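The structure under discussion appears below in the form of C-alpha cells.
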Amino acid sequence: LLLGLQRSWLPLLGSSVIIVLINVGFTISLLKTDVAKALLLISLNPLWAALLGKVLLNDPLPLRTVVAQIVTVLSLLVVFMPSFMALGGGGGSLFDPLDLFPLATGFALASLITFSRWQADAALQMAPCVGALLTAIGSVF
C-alpha cells in the first residue's frame, strides 16, 4: 500500500480533492436546498458519468444507456413540472441558484468515478480517508 502511495500520490491527491468537493457539496445541498430536490439532482451522477466516459474515455454509449438518459430527463421534467406551472401563474421562480450545489455535487461524483476509471492502475484506496481528513481540516477553518 505504501509503495502504491509513493508511486501514485498525484492521482491520490486529485481524487481526494474531488472527495472534499463531494463532502462539502453534499452538506451544503442538504442544508440550503429542498432535500428531495437535492437528492434528485445529486442522483443524476450516473447520467454525468456516462457522458464523461463517452467524452473523456471514448466509452461506447449503448442504446439502452441513451434511452435511460432520455427517460431520466423526462422524469426530471415531471418532477419540475409544478415549478413550470407556477411560473405560468406568475408565482415563484424556476431557478434557485442554490440548486447548483446538488447539481455540482452529482457532477463531482461522476467526475470521481471517471477519474478512478482513468487512473485504474493508481493506488486510490486511501482517497476516501485523505478526502475525509482534508474535509475535516477545512471545516475547522
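The values are calculated or read from the model by the stated rules, or taken from the named source; none is laboratory data. Because the structure is predicted, anything quoted here is derived from the model rather than measured. Neighbour counts are summed over all protein chains in view; Cβ atoms, including those assigned to glycine, are modelled from backbone coordinates with ideal geometry. Heads up: the accessible areas ignore ligands, DNA and RNA and are worked out on the full protein's heavy atoms, side chains in. Shrake-Rupley method; radii C 1.70, N 1.55, O 1.52, S 1.80 Å.
General remarks:
- Per-peptide packing, taken as the mean over residues of other Cβ atoms within 10 Å, places 36-43, 59-66, 15-22 in the sequence 15-22, 36-43, 59-66 from highest down.
- HN-Hα J in Hz across region 28-42 - Karplus 6.51, -1.76, 1.60, θ = phi - 60°, x for Gly and Pro: 4, 4, 6, 7, 10, 10, 5, 4, 4, 5, 4, 5, 5, 5, 5
- Ranked packing of 99-106, 133-140, most packed first, by mean Cβ within 10 Å: 99-106, 133-140
- Rounded to whole Hz, the Karplus (6.51, -1.76, 1.60) HN-Hα couplings of region 47-56, x for glycine and proline: 4, 5, 5, 5, 5, 5, x, 5, 6, 8
- Residue among Val20, Ala50, Ala36 farthest towards the positive dipole end of the chain, charges placed on Cβ: Ala50
- Springs join every pair of Cα atoms under 10 Å in this Gaussian network model of the chain, and among Leu47, Leu98, Leu74 the largest mean-square fluctuation is at Leu74.
- Option label - Rg and Dmax of the Cα atoms in Å computed here, alternatives [x] 15.7, 48; [y] 17.9, 63; [z] 17.2, 54: [y]
- Rolling a 1.4 Å probe over the heavy atoms of the protein chains gives region 26-117 an accessible area of 61 Å² per residue.
- Degrees between helix 127-140 axis and first principal axis of the chain (Cα, 0 to 90, nearest 10): 70
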